[in-house]
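No lab work stands behind these numbers, since they all come straight from the coordinates. Treat the numbers as computed from the prediction; the structure is a model and nothing was measured. Cβ: placed from backbone, ideal geometry, glycine included. Neighbour counts: every protein chain shown.
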Amino acid sequence: MAVAQGSAGVTQSPAMVHNPGATLTYRGESVARPKQASSIPDTTRRRLWAALWFALAAGPAGAGGLPEPVVAESGPLTLRLVPRTPEQVAAFYEARGFPAPAVEAIKSTCFVTVGVHNRGPGILWLDLERWRFLAPGGEVLRLGRNYWNAQWQRLDLPQANRSTFRWTLLPESLDLRPDEAEGGNITFAPIQEPFTIEATFASGADRQGDPLTVRLEELRCTRGDGR
């Protein structure tokens, strides 16, 4: 599944959201998000990120009913969200040697690529703990590293594939220096109703500057046929 812009009015699906304070699980696995900075070498992560961005960009967005990219700005911050179809996601990971069961696990989720660009002279702080993913009935479940680690353990995925997948995820926490860009994937449990991403970034070297928030509304998980 992918994320796209869409209209409201779809019936709420309780299994796909959680209330604040509740234990986060999906298909019996914890989806708690580890509070840690990325330990992936910058050169490796950026190489995989570039490959991901350009490979998944194959095929024009908006063609054949596919969703358009979504861009939002707040001061020096630009946030770009690119929807992905199951076919795009499958092609990317199959080309990197992922076995079929792992590709199917990836395709069954709501999958998006996010690009962040700090165009200003100061430091901005990417911290996914400060992002909210909202649906009418509560918060949408983001499937973080704990969830995927459990899936790869269950499927006995080779370590090389696990590392590749980890490198293509958006870092949990990262400082963005002036004119620095970063990106990667976020995944969600499938959800039928429209939802909103509200992304907040701390600013300043000590994180004490005014926070910046961007809000992307009326997003949807879609299938490859654009529905």
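If R0 is 41 Å, the Cβ-Cβ spacing of residue 130 and residue 100 corresponds to a FRET efficiency of close to 0.70. As a rough footprinting exposure proxy, the listed residues 127, 175, 206 were ranked by other beta carbons within 10 Å of their own, and the order from fewest upward is 206, 175, 127. The alpha carbon convex hull volume per residue for the range 73-227 rounds to 120 Å³.
Simple spin-label estimate for residue 200 and residue 163 gives 3.7 nm between the two label positions (7 Å along the Cα-to-Cβ direction from each Cα).
Could you put 217, 129, 193 in order, starting from the residue whose Cβ has the fewest other Cβ atoms within 10 Å?
If I rank by nearby Cβ atoms, fewest first, I get 129, 217, 193.
If R0 equals 22 Å, the separation of the Cβ atoms of residue 192 and residue 213 corresponds to a calculated FRET efficiency of about 0.25.
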